[in-house]
Protein chains: 2
Amino acid sequence: MENRTEISELGEFGLIDHLTKTFSSRRGETVMAIGDDAAVLGTGDEKLLVSTDMLVEGVHFDLSYTPLKHLGYKAVMVNVSDICAMNAEATHITVSIAVSNRFSVEALDELYTGIRKACENYRVDLIGGDTTSSAGGLVISITAVGRAKESAIAYRNGANERDLLVVSGDLGGAYMGLQILEREKAVFQEAPSAQPELTGFDYILERQLKPEARIDVVKLLGDLNVKPTSMIDISDGLASEIFHICKASGKGVMIFEDKLPIHGETSKAADEFGMNPTTCVLNGGEDYELLFTIAQEDFEKIKNEQMIHVIGYMTAPEDGCNLVDKAGGQHAIKAQGWDSIAEG
Amino acid sequence: MENRTEISELGEFGLIDHLTKTFSSRRGETVMAIGDDAAVLGTGDEKLLVSTDMLVEGVHFDLSYTPLKHLGYKAVMVNVSDICAMNAEATHITVSIAVSNRFSVEALDELYTGIRKACENYRVDLIGGDTTSSAGGLVISITAVGRAKESAIAYRNGANERDLLVVSGDLGGAYMGLQILEREKAVFQEAPSAQPELTGFDYILERQLKPEARIDVVKLLGDLNVKPTSMIDISDGLASEIFHICKASGKGVMIFEDKLPIHGETSKAADEFGMNPTTCVLNGGEDYELLFTIAQEDFEKIKNEQMIHVIGYMTAPEDGCNLVDKAGGQHAIKAQGWDSIAEG
């Protein structure tokens, strides 16, 4: 009998590694293929960046509470964010969709209104795509193309010991926004006449439904003449992204709980759900903020900037990935969050 | 009550037009966005080309007779073919897939073996992608990137009156190969113990299961120093592609039935099914040959080449699109094929 290995045994990152490990590069202009937020191509100083994402109904979005306009916007945004995470500028996208006939042309108009709005806000041109029917749910596949000078590109693997770890905006909000939406969906399914209780959570609902790629942060760093030594965007939660940078750079990290930027609504919602806000920051995804490292010498340039926050520093690899809690206790950060049993 | 327009009312090309007509370009480097086989980007002489395609199980392929290895190969090939259709060279691809857990890792290995084989044959590097779960069938979305000198790029809109219309390879084979496969699938469903009768149709089965992008034709034209005035690849059947070139270029066309390149197996299979081979050529899709126009002065350069065939010439737009049959009768070519009632 033939071997059958379940996809779930490998996990998403394991599966990509497994499927692509036998591919080799045969083109000199391939600077970075798989393994960062975007591929980097080109032989000259001006590089081309390419990133792609696929969003599947029922896996990445739930149309019962995601307006199609917001979905279209977000689908573009996640790709623009991947290009931002290379410290680069997205310039063009292609959009392919598979739709079943339960969608009307008017529904697709809504989706494309969101896509167009994102193209306007991020200054990217729609240059192609494919539209096909689907027996199943809605699938959206977007590829973004961008550009940057070679000298400006920030990979995941460039962090040095003693570099400062910096994050933009605030974290955990998109995750708590999702909890609110899921709760209201459950209430609605129980009692369709009940009014949703969404008041007081405008900010975190917007964090979930209409997150923004941080093109402003990339611009700020350029204006401040700060070149990040490494960079990634926060799509899966802070802990997961920290591990990517530490693994790629061969470093450890020390972060401080009291430095984590958390919005008041995020804390309030976490309280209501009996969750620890720090756990939401570490494990909750979809904030699409930028996480990056800078040389200590650059601290003076950024210290007065409101949109970015130093949350820790890089250490030797043997020191591992650690969080210092508000009481001064030290905890090893785990792949899925952090160990709440104090170790130090 | 809200308006509801069914997607089927617009058709595929109508839907793309409808959804993208309100998008405007805001980047100077966008030379060609939507409307050709690939987008063309860049400000210098060296241009970047981008094309994308989405393949959906049950719509574009049937896993009951398509080996996953062939599917992977073909998914790459269709994108490489789109770049060829600009008279350009594909260099890089991204591959995203959505799969349900009915697929094993071993099944995906088969798919990626085909993808890798195509990368090797067409000399393209895999540079990224996304792997996600799907509640429905398999979805494959591939984006190809390529390059060409501005002066070499062949758009659909450059055909001139009196230009020769040229096609590579032979036509109708992929369509007849599909008929054979569908027939055998029906036989199998009726009587699973029956042996499939595929002998004698090796060539057209391969045309359907393992078509090739004509990178060799692009290279030949370069070697011959022939720049096509317009070009497209034949994915939907000759009639449809002829209409694209005539519409984009604002021209008419005259083609000759006795000049259409048809393989012996294609004719034989058409006979078995009681079909007219010329109808298969005009309406059958998926040959992935190149259809292009060249200036009459270039005829001397190509006349001895075996892999390309002159099948007609471009005319004034008011003359329309016509086919001269083997008896000398003239017929207007219709969007779905040709009118078999002689008009002239």
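From B:69, B:47, which residue is outside any strand (DSSP E or B) and more than 10 Å from every other protein chain (Cβ to nearest Cβ)?
Just one listed residue meets the conditions, B:69.
Taking the options B:72, B:42, name whichever one is within 21 Å of residue B:137 (Cα to Cα), in contact with a strand residue (DSSP E or B) (Cβ under 9 Å, 6 or more places away or on another chain) and small (Gly, Ala, Ser).
On inspection, the qualifying residue turns out to be B:72.
Go through segment B:307-321 and give me each residue that's more than 21 Å from the chain's Cα centre (by Cα), surrounded by 13 or more Cβ atoms within 10 Å (Cβ to Cβ) and not in a helix (DSSP H, G or I).
The answer is B:315, B:320.
Yes/no per residue for (1) out of contact with any Gly (no Cβ under 9 Å at 6 or more places or on another chain); (2) among the β-branched types (Val, Ile, Thr); (3) farther than 27 Å from residue A:90 by Cβ:
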site: B:38; (1), (2), (3): no, no, no
site: B:48; (1), (2), (3): no, no, no
site: B:57; (1), (2), (3): no, no, yes
site: B:63; (1), (2), (3): no, no, yes
site: B:68; (1), (2), (3): no, no, yes
site: B:89; (1), (2), (3): no, no, no
site: B:97; (1), (2), (3): no, yes, no
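Report yes if residue B:99 is within 23 Å of residue A:40 (Cα to Cα) and at the interface with chain A (Cβ under 10 Å from one of its Cβ atoms), otherwise no.
Considered against the rule, which asks whether it is within 23 Å of residue A:40 (Cα to Cα) and at the interface with chain A (Cβ under 10 Å from one of its Cβ atoms), residue B:99 comes out as no.
I need the helices (runs of 4 or more DSSP H) fully contained in segment A:171-274, keeping only those with at least 2 residues that are without any contact (Cβ under 8 Å) to a residue 24 or more places away in the chain.
So the answer is A:173-190, A:215-223, A:264-272.
Checking residue A:145 against (1) in contact with an Asp or Glu (Cβ under 9 Å, 6 or more places away or on another chain); (2) closer than 23 Å to residue A:54 by Cβ; (3) touching a residue at least 60 places away in the same chain (Cβ under 8 Å), which single condition isn't satisfied?
(1)
Restricting to segment A:201-237, name every residue that is charged (D, E, K, R) and either over 27 Å from residue A:113 (Cβ atoms) or modelled with pLDDT under 95 (or both). Lay out the reasoning, then the answer.
Of the residues in segment A:201-237, the ones charged (D, E, K, R) are A:202, A:206-207, A:210, A:212, A:214, A:216, A:219, A:223, A:227, A:233, A:236.
Of everything in segment A:201-237, those that are charged (D, E, K, R) and either over 27 Å from residue A:113 (Cβ atoms) or modelled with pLDDT under 95 (or both) turn out to be A:202, A:206, A:207, A:210, A:223, A:227, A:236.
Looking only at segment B:102-120, filter to residues that are within 25 Å of the chain's Cα centre (by Cα) and facing chain A (nearest Cβ under 10 Å); which one of those is farthest from residue A:30 (Cα to Cα)?
Initially, segment B:102-120 is screened for residues within 25 Å of the chain's Cα centre (by Cα), giving B:110-120.
When the remaining residues are screened for being facing chain A (nearest Cβ under 10 Å), the result is B:111-113, B:115-116, B:119-120.
Details: B:111: 23, B:112: 20, B:113: 21, B:115: 18, B:116: 16, B:119: 14, B:120: 15 Å.
That would be B:111.
With the requirement that a residue be more than 22 Å from residue B:95 (Cα to Cα), facing chain B (nearest Cβ under 7 Å) and crowded, with 23+ Cβ neighbours inside 10 Å, what does segment A:121-161 give you?
None; the set is empty.
If the Cβ limit is 8 Å and pairs must be 6+ apart or interchain, which residue in segment B:23-35 that is more than 7 Å from chain A (Cβ to nearest Cβ) and within 15 Å of residue B:153 (Cα to Cα) pairs with which residue that is of a type in the set (D, E, K, R) and assigned to a strand (DSSP E or B)?
B:31/B:47
Any residue at all in segment A:92-102 that is of a type in the set (S, T, N, Q), modelled with pLDDT of 95 or more, in the same structural domain as residue A:247 (by TED's automatic domain parsing) and crowded, with 21+ Cβ neighbours inside 10 Å?
There is no residue in segment A:92-102 that is of a type in the set (S, T, N, Q), modelled with pLDDT of 95 or more, in the same structural domain as residue A:247 (by TED's automatic domain parsing) and crowded, with 21+ Cβ neighbours inside 10 Å.
Determine whether residue A:59 is facing chain B (nearest Cβ under 8 Å), in contact with a helix residue (DSSP H, G or I) (Cβ under 8 Å, 6 or more places away or on another chain) and modelled with pLDDT under 95.
So residue A:59 does not fit the description; no.
Restricted to segment A:62-84, and to residues that are at pLDDT 90 or above and over 18 Å from the mean Cα position of the chain (by Cα), which residue is surrounded by the fewest Cβ atoms within 10 Å (Cβ to Cβ)?
At the first step, the residues of segment A:62-84 found to be at pLDDT 90 or above are A:67-84.
Checking the rest, the ones that are also over 18 Å from the mean Cα position of the chain (by Cα) come to A:67-69.
Values: A:67: 14, A:68: 21, A:69: 19.
Taking the candidates together, the pick is A:67.
Looking only at residues that are within 9 Å of chain B (Cβ to nearest Cβ) and in a loop (DSSP other than H, G, I, E, B) in segment A:1-22, which one is surrounded by the most Cβ atoms within 10 Å (Cβ to Cβ)?
A:10
Which of the numbered conditions does residue B:81 fail, given that it passes all the others? Conditions: (1) in a helix (DSSP H, G or I); (2) under 28 Å from residue A:62 (Cβ atoms); (3) of a type in the set (Ser, Thr, Tyr).
With respect to (1) in a helix (DSSP H, G or I); (2) under 28 Å from residue A:62 (Cβ atoms); (3) of a type in the set (Ser, Thr, Tyr), residue B:81 is out only on (2).
Name, by its number, the condition in (1) within 23 Å of the chain's Cα centre (by Cα); (2) modelled with pLDDT under 95; (3) part of a loop (DSSP other than H, G, I, E, B) that does not hold for residue B:87.
(2)
Could you grab me the full set of residues in segment A:162-172 that are crowded, with 24+ Cβ neighbours inside 10 Å and of a type in the set (A, V, I, L, M)?
A:165, A:166, A:167, A:171, listed by residue number.
Output the residue which, of all residues in segment B:273-306 that are among the aromatic types (Phe, Trp, Tyr) and over 14 Å from the mean Cα position of the chain (by Cα), is modelled with the highest pLDDT. Before you say what the answer is, go through the steps one by one.
Going through segment B:273-306, the residues among the aromatic types (Phe, Trp, Tyr) turn out to be B:273, B:288, B:292, B:299.
Narrowing further to those that are over 14 Å from the mean Cα position of the chain (by Cα): B:273, B:299.
Values: B:273: 93, B:299: 97.
Among them, the one singled out is B:299.
Do you know which residues across segment A:43-60 are buried (at least 18 other Cβ atoms within 10 Å of the Cβ) and either of a type in the set (A, V, I, L, M) or touching a residue at least 12 places away in the same chain (Cβ under 8 Å) (or both)?
Answer for segment A:43-60, where residues must be buried (at least 18 other Cβ atoms within 10 Å of the Cβ) and either of a type in the set (A, V, I, L, M) or touching a residue at least 12 places away in the same chain (Cβ under 8 Å) (or both): A:47, A:48, A:49, A:50, A:51, A:52, A:53, A:54, A:55, A:56, A:57.
Take residue A:240 and decide whether it is modelled with pLDDT of 95 or more and closer than 24 Å to residue A:181 by Cα.
Values: modelled with pLDDT of 95 or more: no; closer than 24 Å to residue A:181 by Cα: yes.
For residue A:240, the condition - modelled with pLDDT of 95 or more and closer than 24 Å to residue A:181 by Cα - is not met.
The values are calculated or read from the model by the stated rules, or taken from the named source; none is laboratory data. Given the structure is predicted, the values throughout are model-derived calculations rather than measurements. Please note: Cβ atoms are built from the backbone with ideal geometry, for glycine as well, and neighbour counts cover all protein chains shown.
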